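Read-outs: derived from the displayed coordinates by stated rules, not from any lab. Everything numeric in this text was worked out from a predicted model, so none of it was measured. Please note: Cβ atoms are built from the backbone with ideal geometry, for glycine as well, and neighbour counts cover all protein chains shown.
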Amino acid sequence: MGLNAARTRLLEGLRHGIRDRRVLSAMASVPRELFVSPDYQSIAYEDMPLSIGFGQTISQPFIVALMTQALKLKGDEKVLELGTGSGYQTAILAALARQVVSTERVSDLTVSAKKVLGKLGCKNVEVHESGKLLGWPRGAPYDAIIVTAGAPHIPDILMEQLAPGGRMVIPVGSRWAQDLLRVIKRKRKHLVTNLGGCRFVPLIGPGAWED
């Protein structure tokens, strides 16, 4: 099966669980094969995570779409992404938001993601090497935050970077399995919705897991 046919099949599958037309359009427009190694390009549109090296993965397309849909982006938001990885999720966000600030711990992934995003013309994206820092406080507040690694709990430092009424989507649980949560920031009690089980690599840093 060629890449075009595989992409069509994937998009048809996504429509069974993803209702946001803007998200579906973004998933159709971003070429996932550019974000994986040549060894994996033939299976770039399989609905599965793929290794990108350094113990990291490019997420399953359905999970990318689900997390993005949960942010309820309208197009005028400033979004923070933790875990640039390959840059694939970043490119999806760039098609849907006014500005995307993305952070990555691994220097080589930061460099490669910048190159691919540059080739795609994603001019509304900043990619930063974060080191041990969780998030990017100097750019706060953010209308939405997406975390592409699993945390032991919802980090206070990220809630501080989220604007009032803002949405955060984050996997929370153990190092090996999590629940995908959407958190809406409220003055008194935050509104938390469980979107189902998932498996992400651990979120490393103060306020999350130790390295």
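For the reader, a short list of remarks on this structure follows.
- 3J(HN,Hα) from dihedral phi, the range 177-183, Karplus parametrisation 6.51/-1.76/1.60, rounded to Hz, x for glycine, proline: 8, 9, 9, 8, 10, 10, 10
- Where both bridge residues fall in the range 3-198, DSSP classifies roughly 45% of the beta bridges as antiparallel.
- Only helical runs count toward this figure. For the chain, summing -39,500 (n - 2.57) over DSSP H runs of n ≥ 4 and dividing by all residues gives -8000 deg cm²/dmol at 222 nm.
- The relative contact order of the range 92-211, computed from alpha carbon pairs under 8 Å that lie at least 6 residues apart in sequence, is 20 percent.
- Shown in residue order for the range 2-12 are the 3J(HN,Hα) couplings computed by the Karplus curve 6.51 cos²θ - 1.76 cosθ + 1.60 at θ = phi - 60°: x, 4, 5, 5, 5, 4, 4, 5, 4, 5, 4 Hz (x for Gly and Pro).
- Counted by neighbouring Cβ atoms within 10 Å, the residues SER112, SER42, SER86, SER102 run from fewest to most as SER42, SER112, SER86, SER102.
- Candidate cross-link partners of LYS185 among the lysines, defined by an alpha-carbon separation under 21 Å and a same-chain spacing of 8 or more, comprise LYS72, LYS74, LYS78.
- Nearest-20 debye value, the range 3-198 charge dipole, Cβ charges on Lys, Arg, Asp, Glu: 720 debye
- Oblate is the label for the range 66-173, because a/c, from the alpha-carbon gyration tensor with a ≥ b ≥ c as root eigenvalues, is 1.5 or above and a/b does not exceed b/c.
- A cut-off of 5 Å between modelled amide H atoms, ignoring neighbours fewer than 5 places along the same chain, links GLU81 with VAL101, SER102, THR103, ILE146.
- Computed over the chain, the ratio Rg/Rh where both radii use C-alpha atoms and Rh is Kirkwood: 0.93
- When you restrict to C-alpha pairs under 8 Å that are six or more residues apart and normalise by the size of the chain, the relative contact order lands at 15 percent.
- Within the range 121-165, the ratio Rg/Rh, alpha carbon atoms throughout and Rh by Kirkwood, equals 0.97.
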